[in-house]
C-alpha cells in the first residue's frame, strides 16, 4: 500500500510532460532563488533524492534527520501544489546512483552548485559528462574571493573577514548592509520552515516517514 506521503504527492502531481528538470539537494529547498525562481512553475520539474545510507554515514541526531526528511517531503508537496512536477526518489545508493537513470530518461538535470563538498564530489562525474548542468549557487552572500581579499592568507580568520565585509557592503538603514538585511529575511524564512516542520501534522508525517524508511529494501520513486 502506498505511504501517506506517496498518496498526498500523487494527488497534487501535475502533468510532467515538457518540463525542464532541476535536481534540488536537501539543503537547497527554496523557490526564492536559483532555477526555481527563474521560470514558471508549469515549465519546471524537480528531482528530490532521499538517501538513508547517506544519513547512516555519521552519528547524526535523530531529531535533525527527522527535520531534514520532513522538510524535504513538505517541500515536495508544496512544489507539486504550485504546479511543479516532482520526482521523489528513495535510494539505497548515492545521489549519483539515483540521478544517473533519471538524467538518461529526462535529459540533463540543472543543479545549483552544491554547498557541501561531499555532494560536489559525488555528482562530479555527472557534471563532467553533461548529465548534470551546474549553475552558480545564488544562496551565498559572499564568495571565496571576498575571503581572500580580506586578509593575507591562511590561517583564515573570521574576525578579519567580518569587518572587511562590513566596510565593503557599506552602511544601510538600521545599521545593516543590504546583504545583512537579506540574511535576516532568509533566517526568518528558515524559521518559518522549521515551525511548519514542528507542527502536529508534521510530527505525524515524520512518524510515517520513519516507518516507511524502515521498509525500504531497494530504490523507490514517487511521482
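Annotations
- Residue separation of residue 169 and residue 105 scaled by 0.36 nm, minus their Cα-Cα distance, works out to 18.6 nm of gained length.
- Working from label points 7 Å from Cα in the Cα-to-Cβ sense, the residue 55 to residue 37 distance is 2.9 nm.
- Here the spin labels are modelled as points 7 Å beyond Cα on the Cα-Cβ line, and at residue 145 and residue 127 they lie 1.8 nm apart.
- Computed lengthening from residue 118 to residue 97, 0.36 nm per intervening residue step minus Cα-Cα distance: 6.1 nm
- Shape category assigned to the range 1-48 from the gyration tensor of Cα positions, a/c cut at 1.5: oblate
Bear in mind that the values in this text are calculations on the coordinates, not laboratory data. Worth saying up front: this structure is predicted, and the values here are computed from it rather than measured. Quick reminder, even Gly has a Cβ in these numbers, built from the backbone with ideal geometry, and neighbours come from all protein chains shown.
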